[in-house]
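Q: Dropping the structure in here first, questions after.
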Amino acid sequence: MTSKTLTTFAILGMSSMADAFWRMECRGSTGVARMDPIMDPNKISGHAHTVHGSSGFGLGATYDALVNGDCTSCAVKQDKSAYWTPAMYFLDSATGEFSPVPQVGGMLAYYLIRGDNVTAYPPGFQMIAGSNYRRDYTVGDPYSPDPPQSNWAALKQTGQSDLEQRAIGFNCLDYQAAAEPSLYRHYMPNKTFTDANCPDGLRLELMFPSCWNGELDSENHKTHVAYPDLVGNGDCPDTHTQRLVTLFFETIWDTNAAQFQGKSGSFVMSNGDRTGFGYHGDFMTGWDSSFLQEAIDTCTNESGELSDCGTFTSNGPLLSQPEQQQCKFKTPAVLAAENDVANIMKQLPGGIQIQDGPESATPPSGPVDQLTSLVGGILSSTSVPTTTTTSSTSSSSSSTPTPAATISSGGAFIENLTSSTSVAPSTVELAVESVPTTTTSTTPTTTSILPATTSAPLPTSEPGVSYEVVSTQTVTNPGGMVEEIVWMQPVVYVTEETVTTVTIPGPAPQNAKKARSHVVQHRHVHGRRGH
């Protein structure tokens with residue numbers, strides 16, 4: 001990936017609406033860890049996340065905790081929000097080992113002012129976008145371009161599940177070629193394709209819902225918000241009539257880094273997803289709502305630059321990139337011994353299994369599995385998890401498809417009705433590649449996606465080995481019984497003689513406020529014009 005610092009551009013669509021926006025630069029990650037205070041408050045999350053924003057992020061983060069954080073990894077010091085998504089890893093088919101994929105330029109969070117009477121997030125507001133366990137695409141053929149947005153209603157493709165699937169994008173980056181539109185590809189292309197066509201990596205994109213029912217949260221952290229009928233534009237459903245500022249995440253991963261070149265394998269998200277259909281993100285506001293509302297009302301410069309917004313500069317200065325990169329969250333003691341960015345790992349953090357679908361992925365069964373995974377990670381077990389797949393659509397073709405030369409806007413933006421016909425992406429891009437099966441023991445291969453449930457490790461009587469309690473947790477099971485979980489960590493390295501089998505498978509036009517081209521500049525410190 002090029003090391004030059006140049007300005008690059010992402011065309012977010014030709015719009016007939018005057019859509020003001022700003023691009024929140026979060027050049028530093030506060031950390032990577034198995035924490036998710038929305039989905040798994042006050043307990044260890046099943047999979048690792050890369051986190052940006054307030055240093056107040058933690059297992060039990062709240063609005064107050066974020067606001068009172070010592071720093072932020074974003075350029076505007078008043079933005080103490082938390083933004084997080086799954087981390088990306090590379091699975092080497094020759095060794096069965098995982099290694100983290102470098103993230104490039106931190107993260108960009110676009111704040112898009114779309115619709116009327118746009119409202120700031122109130123204190124305590126939080127939401128998620130995407131579905132962690134999804135492993136299939138149900139809105140037509142994922143390898144064909146989206147139909148024109150003006151046809152979505154007639155095709156009955158404006159349900160929330162449909163829109164959620166079109167709110168995900170995997171953008172192949174080649175700064176020497178024509179840029180792909182945002183949200184054009186809704187699945188993660190495989191390494192064969194990225195090696196041939198994406199020299200500057202993959203940009204993962206996620207649009208959040210912007211229609212709101214007035215509640216701070218909901219039981220599933222989704223239903224208090226909804227997508228407008230064109231994902232990022234259009235009309236809100238009657239049940240969610242208030243319009244929030246539209247949030248759009250972008251993170252770039254260096255899939256062409258030197259350590260992956262010439263190697264056979266696959267890229268996988270930390271939740272065990274190689275398809276990309278299960279990509280998701282979380283947001284917890286840390287803004288002062290009156291300050292954010294002032295920015296929404298006044299930051300209308302078409303550049304999207306933070307430096308062009310007086311609300312930010314007059315209350316600045318903006319934080320420099322080094323200042324943003326210095327901000328880190330405090331890792332809780334229970335996770336201190338787990339390194340989710342180690343150069344070489346025998347398994348994904350938390351022992352997460354790869355599940356390729358098309359059936360929905362299966363979640364871990366409970367707290368015992370979490371404790372087993374944690375202690376297993378601390379002990380650095382040499383066992384490799386067995387992975388299975390039900391997908392039969394993988395391709396080992398060595399053909400090299402060329403990127404589409406003429407492609408239309410993705411589902412996030414009002415389309416240019418005069419744009420030319422899109423060229424369908426090739427199915428050779430499918431994320432799950434055919435990888436030779438490796439057998440390392442005589443243990444029978446199981447067809448189960450998840451490892452068998454085992455009891456939490458007990459303190460051992462072996463000489464020189466002891467455990468210490470680092471925290472406790474109470475859990476109420478479905479039967480109403482309250483159980484206490486004791487979290488322990490070993491003081492001395494222990495080797496378990498465990499060997500497992502590795503099986504790796506192979507729009508409608510809107511009422512115009514002001515007609516203009518909507519060109520969004522993406523300064524991710526990573527490449528050339530063409531983003």
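Q: Skipping prolines and chain starts, which residues have an amide H placed within reach, meaning under 5 Å, of the one on Ser45, given they are 5 or more residues away or on another chain?
A: Here Met35, Asp36 satisfy the definition.
Q: What does the highest-first list of 356-362, 216-222, 195-201, 51-57 look like by mean Cβ count within 10 Å?
A: Values: 356-362: 18.4, 216-222: 13.3, 195-201: 20.9, 51-57: 28.0.
Order by mean packing, descending: 51-57, 195-201, 356-362, 216-222.
Q: So for the pair Ser314, Glu219, with labels modelled 7 Å out along Cα→Cβ, what separation do we get in nm?
A: Simple spin-label model gives 4.6 nm for this pair.
Q: Same structure again: Got the relative contact order for region 36-187 handy, in percent, Cα pairs under 8 Å and 6 or more residues apart?
A: After rounding, I find 14 percent.
Q: Which value, to two decimals, describes the C-alpha radius of gyration of region 193-289 once divided by 2.2 N^0.38 Å?
A: 1.40
Q: Sticking with this structure for a sec: Suppose R0 equals 35 Å. What FRET efficiency, 1/(1 + (r/R0)^6) with r the Cβ-Cβ distance, do Ser307 and Ala342 give to the nearest 0.05?
A: Here the calculated transfer efficiency is 0.40.
Q: Please compute the length gained on full extension between Asp288 and Ala154, using 0.36 nm multiplied by the number of residues separating them and subtracting their Cα-Cα distance.
A: Extra length from Asp288 to Ala154 when fully extended: 44.1 nm.
Q: With labels modelled as points extended 7 Å from the Cα through the Cβ direction, what inter-label distance (nm, one decimal) is found for Asp64 paired with Thr362?
A: Label-label distance for Asp64 and Thr362, simple model: 4.2 nm.
The numbers here are math on the coordinates, done by the rules we state, and not lab data. Bear in mind the structure is a predicted one, so any value in this text is a computation, not a measurement. Glycine also receives a Cβ, built like all others from the backbone with ideal geometry; neighbour counts cover every protein chain displayed.
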